[in-house]
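Visitor: First the structure, then my questions, so here it is.
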């Protein structure tokens, strides 16, 4: 069955479908129109499933495909891939129905199976360059299990009594941001060079590897400090300073990457737009002492940053690995991206510029998110469930 020929196919399809369905459910639950069958506040279900459901599915599809290319060794396909997707689906269904322990178990089995599928070929081929990427993935999956432990009131005695549901959720988001930024840093130079026919070479910041190391260290500090596990004002202040430094460095990096050749290529500039939202998110986090609501930083990072980056990544990878022309994408790609950009702008700006219309702004932003992913499904479902037109495997 073509759908299970390679990891990106079922996971990208599942991610797109789940993203739309989960946001529709949240769109009705948020204003109180429906009550979800959960045993925790709906906002935590929403945040958890966008991070550990949708985003993890995108990452799984991307890495199962990329590791195969990096190592030349197989990753799950056929029935093993069906089983992997089944575990992910089981966790989503169990959590939706309030069965926390079942969801926790299914997500744990999924995490272990995914890591085994990825680490085995990487270790066999000694791909030490992927240590950073895999470390962030392990932390992301561990954050999910910590969330379940706290939700099910099974917290280990070594956890401080200041830990609550929000902290592992936010830790998961910040780890996800770190993972996506690392992917962008690796992929964007090559994407840009190929898309522009070699006309554009992205320029690194002065200092090269040393500057990258500083940015990585700052990101690690932010991930450790920002969830504020001990409810410490000092940790909060240090996280805000770290966020400001990250905003300055990544903002300057983005400024050096600007080029007019990028504007005509939606599958390219969508990644730059995501990068801009990451910068805005860090700035908003640093500006909280000035009265900027924390929700602005959260959604700049999550909706604008992660949302645009993952949608753009799925759109490009699916075209390339199904034998389509990534440089002349389907015409619906541009409206799809513009829908999500518009929704991201609304979600970030409404709390600051139009707080009196906050509820309306959230609902409209949700509509744009759903519309963007329905457009993705309309374009990509036929590609993902059928064989490549060039007859090649994949």
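Visitor: Has region 141-154 got any residue that is more than 30 Å from residue 70 (Cβ to Cβ), surrounded by fewer than 16 Cβ atoms within 10 Å (Cβ to Cβ) and without any contact (Cβ under 8 Å) to a residue 12 or more places away in the chain?
Guide: yes
Visitor: Can you find a residue that is part of a helix (DSSP H, G or I), surrounded by 22 or more Cβ atoms within 10 Å (Cβ to Cβ) and not assigned by TED's automatic domain parsing to the domain that holds residue 384 anywhere in region 28-37?
Guide: No, the conditions are met nowhere in region 28-37.
Visitor: Let me ask you something else. Going by the structure shown, is residue 139 at pLDDT 95 or above and under 21 Å from the mean Cα position of the chain (by Cα)?
Guide: It is true that residue 139 is at pLDDT 95 or above and under 21 Å from the mean Cα position of the chain (by Cα).
Visitor: Considering each of 56, 67, 82 in turn, give the residue that is in the same structural domain as residue 145 (by TED's automatic domain parsing), at pLDDT 95 or above, surrounded by fewer than 21 Cβ atoms within 10 Å (Cβ to Cβ) and part of a helix (DSSP H, G or I).
Guide: Residue meeting the stated conditions: 82.
Visitor: A follow-up question, please. State whether one or more residues within region 167-189 are more than 22 Å from the chain's Cα centre (by Cα) and assigned by TED's automatic domain parsing to the domain that holds residue 268.
Guide: Looking for residues that are more than 22 Å from the chain's Cα centre (by Cα) and assigned by TED's automatic domain parsing to the domain that holds residue 268, one finds none in region 167-189, hence no.
Visitor: Also, quick follow-up: Go through region 90-132 and count every residue that is buried (at least 17 other Cβ atoms within 10 Å of the Cβ), touching a residue at least 60 places away in the same chain (Cβ under 8 Å) and within 19 Å of the chain's Cα centre (by Cα).
Guide: Matching residues across region 90-132 total 2.
Visitor: All but one of (1) surrounded by fewer than 17 Cβ atoms within 10 Å (Cβ to Cβ); (2) not in a helix (DSSP H, G or I) hold for residue 77; state the number of the condition that does not hold.
Guide: It is condition (1) that residue 77 fails.
The values are calculated or read from the model by the stated rules, or taken from the named source; none is laboratory data. Quick caveat, the model's predicted, so the values are computed rather than measured. For neighbour counting, all protein chains shown are included, and Cβ atoms are generated from backbone atoms with ideal geometry for every residue, glycine included.
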